[in-house]
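A short worksheet on the structure shown next.
The values are calculated or read from the model by the stated rules, or taken from the named source; none is laboratory data. Just so you know, these numbers come straight off a predicted model, no measurement behind them. A quick note on method: Cβ atoms are made from the backbone with ideal geometry, for glycine too, and the neighbour counts reach across all protein chains shown.
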Amino acid sequence: MSDAIHIAITRRIREEHAAEFEHLLAEFASRSLIEPGLRGVQIFYPPPGPGPREYGILRSFASDEEKNEFYNSDLYQQWEKRVQPLTDGQLTFRKLDGMEAFFRNPQGHMPPRWKMALLTWIAVWPVSMIVPALLLPLIGGRLPSILIAGVISAGIVVALTWLAMPLLVKAAHSWLHPDPDAHHP
C-alpha cells in the first residue's frame, strides 16, 4: 500500500454567499466521507469578522488512484458546479508531500523549507532521547537488538506524529505563517 496522499484546496467565497457555502460544504464533506480510499477531511474556516472569506479543505487519500477517482467522481463534479457561482476567483489545488502536511495553511502558503526543517529538528531531538529512555527499561534485554530498534523507531514516529509536531506547529504558527498585513515597529 502506498503512502497517504494529502490534497489542499483553497477557495475564496463571496461574502454574501458565505453562509450558503458553509452549509453546502458541511453537507458535501459528510457525504464524501463514505467514498472509498478517503482517509479524512479537514476544513479550515476563515476567521470571523471582515476580510477575505477564504476556506481550506484538506483531504487525505489511501492512494493516488483513489484521489483521482474521487476528484473525477460525479459527487465531486456536482459539488464544483454547485459552488462555482459562490466563489470569487479560481480555487488553488495543491498536493502536500511528506512533512508538508504538518505545515499546511488554509491560505495555501507554505513556510520556507528551512523553517520546516528547523521545527522538525526541534521536535526530533528531544523525542529521540525521551522515547528510548522510556522504552529501553521496559523492553531492553527481552528482544533482539533489531526489534528493539524497531520498537524505539515506532515510538519516536508515534510521539512525533501525534504529540510533538502538532504541538510545535501550533505553538509556532505565527512564526511559520506570519501575517503579511501585520505592522512591525
Residue that is surrounded by the fewest Cβ atoms within 10 Å (Cβ to Cβ), among those in the range 33-53 that are within 29 Å of E16 (Cβ to Cβ) and either at pLDDT 85 or above or of a type in the set (V, I, T) (or both)
I43
Among the residues of the range 5-19, are any in a helix (DSSP H, G or I) and under 20 Å from K95 (Cβ atoms)?
no
Among the residues that make up the range 18-40, is at least one of them in contact (Cβ under 8 Å) with a residue 60 or more places away in the chain, within 17 Å of T87 (Cβ to Cβ), out of contact with any Gly (no Cβ under 6 Å at 6 or more places or on another chain) and charged (D, E, K, R)?
yes
Examine the range 51-67 for a residue that is part of a helix (DSSP H, G or I), hydroxyl-bearing (S, T, Y) and closer than 17 Å to F93 by Cα, and state whether such a residue exists.
no
Sole miss for V157 among (1) closer than 27 Å to A4 by Cβ; (2) of a type outside the set (D, E, K, R); (3) surrounded by 13 or more Cβ atoms within 10 Å (Cβ to Cβ) is condition (3)
Of all residues in the range 17-32, how many are exposed (fewer than 12 other Cβ atoms within 10 Å of the Cβ) and among the polar types (S, T, N, Q)?
1
